[in-house]
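To start, the structure itself, in structure tokens.
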Amino acid sequence: MVENRRLLDILGHVLMLFAVALVVFPVWVAFVASTQDPAALMSGTVPLLPGDRLIQNYSEMLGTGMASAGAPPILLMLGNSLIMAVGIAVGKIVISLLAAYAIVYFRFPFRTLIFWTIFITLMLPVEVRILPTYDVVASLGMLDNYSGLILPVIASATATFLFRQFFMTVPEELCEAARIDGAGPLKFFWDILLPLSRTNIAALFVILFIYGWNQYLWPLIVTTSENLYTIVMGIQRLVTVADAEPHWNLVMATTVMAMLPPILIIVLMQRLFVQGLVETEK
Amino acid sequence: MQTKRVTFRHVWLPYLLCLPQLAVTLIFFIWPAGEAIVESFYQTNAFGTSLRFVGLANFQRLFSDPSYYASIRVSVIFALATSALAMTLSLLFAAVADRIVRGTNAYRTFLIWPYAVAPAVAGVLWMFLFNPSIGIAAYALEMVGIDFNATISPNSAMALIIVAAAWKQISYNFLFFLAGLQAIPNSVYEAAAIDGAGPVKRFFTIVLPLLSPTTFFLLVVNMVYAFFDTFAVVHATTQGGPGQATSILVYKVWKDGFVGLDLGGSAAQSVVLMAMVAALTVIQFRYIERRVEY
């Protein structure tokens with residue numbers, strides 16, 4: 001800081017508190033609403049302090065869900081979201097590590113072509129080629145199962161670039177030394193490169209877990225069975241009930257449960273998260 | 001392209017290592033993209049039983065359809081407003097956070113929350129706040145004489161998805177602006193202060209120009225986000241309505257394909273969208289490397 005201006009400091013903190021309020025308020029209101037009984041949310045404005053139905057609302061949604069709106073129990077949807085998020089994160093990391101390793105540590109015909117093929121995936125987000133991708137997945141018989149939820153989204157140019165970038169910074173001497181000691185390519189990868197990449201992998205995992213958890217369009221179109229609903233797309237079922245106000249207290253209980261795991265991860269692993277975020281965009 | 005000076009020699013291993021990534025890319029990215037291009041030249045009959053080659057007819061139909069232009073207009077307004085709102089707010093917050101000495105980390109912990117919130121969930125949170133009968137934000141607006149109802153008024157619906165989409169993007173922009181600000185050396189500020197420039201003047205004449213690479217990068221990222229990653233915000237809240245008021249391009253391509261079952265029309269839209277993403281990606285990679293610097 002250049003000069004000391006007390007007034008400006010106070011103004012700064014006021015502004016930051018406003019920023020925090022802007023971020024936290026919607027989440028707080030959702031939490032408060034999720035603890036009310038339905039009558040409190042029928043008219044007037046939402047109360048700003050929690051009600052007394054915390055346990056009742058949550059246990060109802062966790063265990064039985066809302067059959068009238070065609071929504072399965074939250075516990076089931078949370079489980080599906082977890083499987084999908086972990087599957088996507090691990091899948092992306094594994095196949096990107098392998099591809100980046102081949103591209104950096106080997107010289108072989110078509111290497112550049114392969115690199116650019118992977119690069120092109122950046123230009124083809126699922127939103128813009130939605131119908132044909134659905135056709136492909138349907139013709140492979142992957143609708144309504146976990147492989148259909150996970151596999152089609154695990155190609156990752158960004159993860160491949162990140163690992164390529166990182167491998168380029170690994171000193172040449174390490175590889176020379178390993179080769180002199182008689183290590184083959186797989187042994188070098190497993191015993192030296194992987195341990196060195198640990199922080200990068202962890203940082204990337206945080207980012208990709210959130211990416212996977214928050215998937216919406218893809219689960220929406222490849223699942224028709226309620227047993228495969230993920231929580232983020234399941235909420236929409238509860239909100240868009242035909243011709244009626246949704247049961248806001250139960251909807252908000254579901255939203256809170258949908259937000260909780262990724263928010264916890266981001267807050268608890270803040271350092272890794274920031275590192276992962278900044279590095280994937282380099 | 002660079003490799004290591006020391007490399008391994010192996011005939012088939014590198015191909016095997018690339019195989020999983022390549023297989024997924026070819027099957028789930030390149031193949032559908034190719035199919036979209038092919039389908040955009042065909043038309044199905046009313047029963048979906050036969051395909052007929054129609055040349056550019058799907059594109060002609062698309063570009064003579066007023067609702068497509070309406071959708072482009074809606075998307076552009078939405079993308080510009082979302083980027084402007086998210087970037088202005090986060091730049092303001094980052095500039096303040098960079099200035100104050102104590103508590104930056106605590107503030108940061110809170111400000112990164114929205115990144116973790118799914119776009120669909122962000123949409124539902126704000127829809128609840130703006131609910132005309134019980135929402136707090138809607139109530140506050142009513143106090144100052146604004147009637148906010150996203151199910152009836154097109155402007156309200158647009159405002160709702162802009163606020164929800166921008167809210168979610170604040171964390172990301174904030175972190176990058178903060179990193180950019182912290183990279184500016186202190187001596188520059190000090191020199192300016194000695195020459196008599198106050199905090200506001202320093203911000204506009206020093207910080208903003210030095211921050212332009214970050215700003216440009218974030219502008220592209222925010223535009224890509226607003227154009228292509230916001231399907232969930234629209235689908236979970238306004239469903240494109242009222243009327244077509246919030247039917248952004250990625251929503252329309254889904255709706256025409258899955259609800260309207262217009263295979264050729266949806267494919268033609270996909271091709272247009274792919275061209276748009278390709279252009280944005282090229283801009284991002286060509287110009288961000290070069291950096292906009294003064």
Residue check for B:A226: buried (at least 24 other Cβ atoms within 10 Å of the Cβ) and either at positive phi or of a type in the set (G, A, S) (or both) = yes
query = Within the stretch B:1-44, can you find the residues that are among the polar types (S, T, N, Q) and at the interface with chain A (Cβ under 8 Å from one of its Cβ atoms)?
reply = B:Q2, B:T3, B:T7, B:Q21, B:T25
inquiry  = Please pick out the residue among A:Y146, A:Y105, A:Y101, A:Y134 that is touching a strand residue (DSSP E or B) at 6+ places or on another chain (Cβ under 8 Å) and not hydrophobic (A, V, I, L, M, F, W, C).
reply    = A:Y105
key: Count of residues meeting criterion [open to solvent by 60 Å² or more (accessible area, probe 1.4 Å) and under 17 Å from B:T214 (Cα atoms)] in the stretch B:50-98   = 3
request  = Might you let me know whether the stretch A:34-50 holds any residue that is more than 29 Å from B:V282 (Cβ to Cβ), hydroxyl-bearing (S, T, Y) and in a helix (DSSP H, G or I)?
outcome  = yes
request  = Inspect all residues belonging to the stretch A:191-205 and state whether any of them is more than 30 Å from B:Y115 (Cβ to Cβ) and either part of a loop (DSSP other than H, G, I, E, B) or not basic (K, R) (or both).
outcome  = yes
Qualifying position, being touching a residue at least 60 places away in the same chain (Cβ under 8 Å), within 10 Å of another protein chain (Cβ to nearest Cβ) and touching a Leu at 6+ places or on another chain (Cβ under 9 Å), among A:T255, A:T199 = A:T255
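Each row is one residue, and each column tells you yes or no for (1) farther than 18 Å from B:V234 by Cβ; (2) touching a residue at least 24 places away in the same chain (Cβ under 8 Å); (3) more than 7 Å from every other protein chain (Cβ to nearest Cβ).
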position	(1), (2), (3)
B:S64	yes, no, yes
B:I100	yes, no, no
B:T104	yes, no, yes
B:T109	yes, no, no
B:V117	no, yes, no
B:V124	no, yes, no
B:F130	no, yes, yes
B:I136	yes, no, no
B:A140	yes, no, yes
query = Within the stretch A:118-136, can one find any residue that is more than 8 Å from chain B (Cβ to nearest Cβ) and farther than 30 Å from A:Y216 by Cα?
reply = no
message = Which of the numbered conditions does B:D262 fail, given that it passes all the others? Conditions: (1) without any contact (Cβ under 8 Å) to a residue 40 or more places away in the chain; (2) out of contact with any Phe, Trp or Tyr (no Cβ under 7 Å at 6 or more places or on another chain); (3) facing chain A (nearest Cβ under 8 Å).
response = (3)
remark   = All-but-one check, B:T88 against (1) more than 9 Å from chain A (Cβ to nearest Cβ); (2) free of Cβ contacts under 8 Å to residues at least 24 places away in the same chain; (3) more than 16 Å from the chain's Cα centre (by Cα), failing number (3)
query = Considering only the stretch A:88-124, how many residues are of a type in the set (D, E, K, R) and without any contact (Cβ under 8 Å) to a residue 40 or more places away in the chain?
reply = 2
message = If I ask for residues that are in contact with a Phe, Trp or Tyr (Cβ under 7 Å, 6 or more places away or on another chain) and among the small types (G, A, S), which ones from the stretch B:101-119 would you list?
response = B:A118
ask   = Which condition does A:I114 not pass, out of (1) more than 8 Å from every other protein chain (Cβ to nearest Cβ); (2) within 30 Å of A:K187 (Cα to Cα), if it passes all the others?
value = (1)
message = So A:V128 passes all but one of these: (1) open to solvent by 40 Å² or more (accessible area, probe 1.4 Å); (2) over 20 Å from A:A99 (Cβ atoms). Which condition number does it fail?
response = (1)
task = Output the number of residues of the stretch A:83-103 satisfying the condition of being hydroxyl-bearing (S, T, Y) and within 17 Å of B:F28 (Cα to Cα).
result = 1
query = Just to be sure, is B:A79 touching a Phe, Trp or Tyr at 6+ places or on another chain (Cβ under 6 Å) and in the same structural domain as B:Q169 (by TED's automatic domain parsing)?
reply = yes
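Per-residue answers, yes or no, for (1) open to solvent by less than 10 Å² (accessible area, probe 1.4 Å); (2) under 27 Å from B:G34 (Cα atoms):
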residue	(1), (2)
A:M61	yes, no
A:M66	no, no
A:L75	no, no
A:L113	no, yes
A:S147	no, yes
A:E173	no, no
query = Hey, among A:M252, A:M257, which residue is within 20 Å of B:V121 (Cβ to Cβ), at pLDDT 80 or above and open to solvent by less than 10 Å² (accessible area, probe 1.4 Å)?
reply = A:M252
ask   = With respect to the numbered conditions (1) at pLDDT below 85; (2) open to solvent by 60 Å² or more (accessible area, probe 1.4 Å), which one is the sole condition not fulfilled by B:G240?
value = (2)
request  = Output the helices (runs of 4 or more DSSP H) that fall wholly within the stretch B:185-276 and possess 1 or more residues being in contact with a helix residue (DSSP H, G or I) (Cβ under 9 Å, 6 or more places away or on another chain) and within 20 Å of B:S83 (Cα to Cα), or say none.
outcome  = B:212-228, B:231-236, B:249-254
Failed item in (1) among the small types (G, A, S); (2) open to solvent by 10 Å² or more (accessible area, probe 1.4 Å); (3) out of contact with any His (no Cβ under 8 Å at 6 or more places or on another chain), with B:G135 passing the rest = (2)
ask   = For residues in the stretch B:1-45 being of a type in the set (D, E, K, R) and open to solvent by 30 Å² or more (accessible area, probe 1.4 Å), which is modelled with the lowest pLDDT?
value = B:R5
request  = Sort out which residues of the stretch B:243-263 are of a type in the set (D, E) and at pLDDT below 85, and write them in order of number.
outcome  = B:D262
remark   = Heads up, the helices (runs of 4 or more DSSP H) in the stretch B:39-128 (entirely inside) with at least 1 residues that are of a type in the set (D, E) are B:66-99
query = In the stretch A:261-282, which residue that is more than 12 Å from the chain's Cα centre (by Cα) and under 26 Å from A:L75 (Cβ atoms) is least open to solvent (accessible area, probe 1.4 Å)?
reply = A:V267
task = Considering every residue within the stretch B:163-174, establish whether at least one is open to solvent by 30 Å² or more (accessible area, probe 1.4 Å), among the aliphatic types (A, V, I, L, M), facing another protein chain (nearest Cβ under 7 Å) and part of a helix (DSSP H, G or I).
result = no
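The values are calculated or read from the model by the stated rules, or taken from the named source; none is laboratory data. Since the structure is predicted, the reported quantities are computational estimates derived from the model, not experimental observations. Cβ coordinates were reconstructed from backbone atoms using ideal geometry, including for glycine residues, and neighbour counts include every protein chain displayed. The area values use the complete protein model at the heavy-atom level, side chains included, leaving out ligands, DNA and RNA. Shrake-Rupley method; radii C 1.70, N 1.55, O 1.52, S 1.80 Å.
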